[in-house]
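Every number in this text was worked out from the coordinates using simple rules, so none of it is lab data. All values reported here derive from a predicted model rather than from experimental measurement. FYI the Cβ positions are ideal-geometry reconstructions off the backbone, even for glycines, and counts take in every protein chain you see.
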Amino acid sequence: MIVPNHSSMILNLSNENLSNNQIINEIKNSNKNNDINFLFLGKREYTSAWELQNEIHALVKNNSISSVVLYLEHNHVYTLGKNADTDFILNNYPDDIEIIETDRGGQVTYHGPGQLIGYPIINLNNYKKSVSWYMRSLEEIIILTLKDYGIPSSRKDGMTGVWIEDDKICAMGVRISRWVSMHGFALNLNPEMKYYDGMIPCGIQEFGITSLSELLNENIDINEVIESITKNFLQVIKD
C-alpha cells in the first residue's frame with residue numbers, strides 16, 4: 001500500500017502519562033492554521049477519553065480551536081448508546097471488561113486493544129450541516145482506507161458502519177450538538193475476538209464481525225492505517 005506521508009500533520013501524544021489538560025494545551029499550541037488537527041493518543045482509558053472529547057467539543061463549539069480528530073485505542077470496554085438495549089450484553093461476557101453508558105447514538109459496541117478508534121470532533125458549520133452526509137462521509141473514509149489495502153467493502157441499507165460482505169469491520173456512533181460532532185468509528189485491526197462473544201454487536205444478530213488482520217493474514221501497522229485514514233478524511237470531508 002502506498003499512501004502519501006501525512007505524519008507531519010498527525011500530532012503524536014501517545015504518552016499515557018499526559019493529562020487531558022496537557023493534551024488540550026498541545027492542541028492549542030500546534031497546527032493553528034489547520035482546518036482539522038489530527039492527534040494520535042495511543043492507549044487511553046475510555047472515561048478519560050470521553051471527558052477529553054467533551055472538553056474539546058466545547059472548545060470547538062465556541063470556535064476557540066479548529067476541528068480535531070483523535071486516534072486512539074481503548075482498554076476492554078462495552079459501551080452503550082443512549083437508547084441501547086442492555087439485553088444485548090450477554091451473561092457470558094468476560095469479567096475483565098468495563099460497561100459504560102454513553103451519550104452517543106447506536107446500540108452496544110466493543111472497544112479494546114487492536115481496534116483503532118477515531119473520534120472526529122468536527123465543526124459541521126464549516127462543511128455541511130447534515131447528519132446523513134456526515135455519517136455517509138465517515139463510512140466513505142473507511143471504505144477508501146480499506147481500498148488502500150486492496151479490500152472491497154460497502155454499506156448495508158439501513159445500517160451504519162462498513163461491511164465486508166456480511167461481516168462488519170467498522171462500527172460507528174456519533175453525537176452532534178450545535179453541529180459539532182463527537183464519538184465516531186471503531187475499525188477492527190486485530191482485536192481479541194472473544195470479546196464479541198459476550199455481546200450482540202450493535203444489536204445485529206444475523207451478521208458477523210471481521211478484522212483487517214483476519215482478511216490480510218498479517219500484522220497491521222496502526223500508524224500506516226492512521227496515515228491512510230487521514231488522507232481519506234481530508235479528501236472526503238473537504239470534497
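For segment 39-59, the residues whose amide N sits under 13 Å from a probe point set 7 Å from the Cα of Lys28 along the beta carbon direction are 56, 59.
Cross-link partners of Lys194 among aspartates and glutamates, defined as those whose alpha carbon lies under 16 angstrom from its own and excluding same-chain residues fewer than eight positions apart: Asp95, Asp96, Glu98, Asp167, Glu214.
Of interest is the spacing of the C-alpha centroids, which for segment 75-139 and segment 171-239 amounts to 10 Å. Over segment 112-165, the pair-distance histogram of Cα-Cα distances with 10 Å bins from zero comes to 21, 46, 30, 3 percent, rounded to whole numbers. Among the listed values (1) 120; (2) 158; (3) 140, the one matching volume of the Cα convex hull per residue in Å³ as calculated from this structure is (1). Here is the list for segment 73-180: GluC sites (Glu not before Pro) lying in DSSP coil, each with at most 14 other C-beta atoms within 10 angstrom of its C-beta, are Glu165.
For segment 27-129, the set of trypsin sites (Lys or Arg not before Pro) satisfying both a DSSP loop assignment and a count of at most 14 other C-beta atoms within 10 Å is given as Lys32, Lys82, Lys128, Lys129. Once you have a ≥ b ≥ c as the square roots of the Cα gyration tensor eigenvalues for segment 138-194, tell me rounded if a/c is under 1.5, and otherwise prolate or oblate according to whether a/b is larger than b/c. Prolate, since a/c reaches 1.5 and a/b exceeds b/c.
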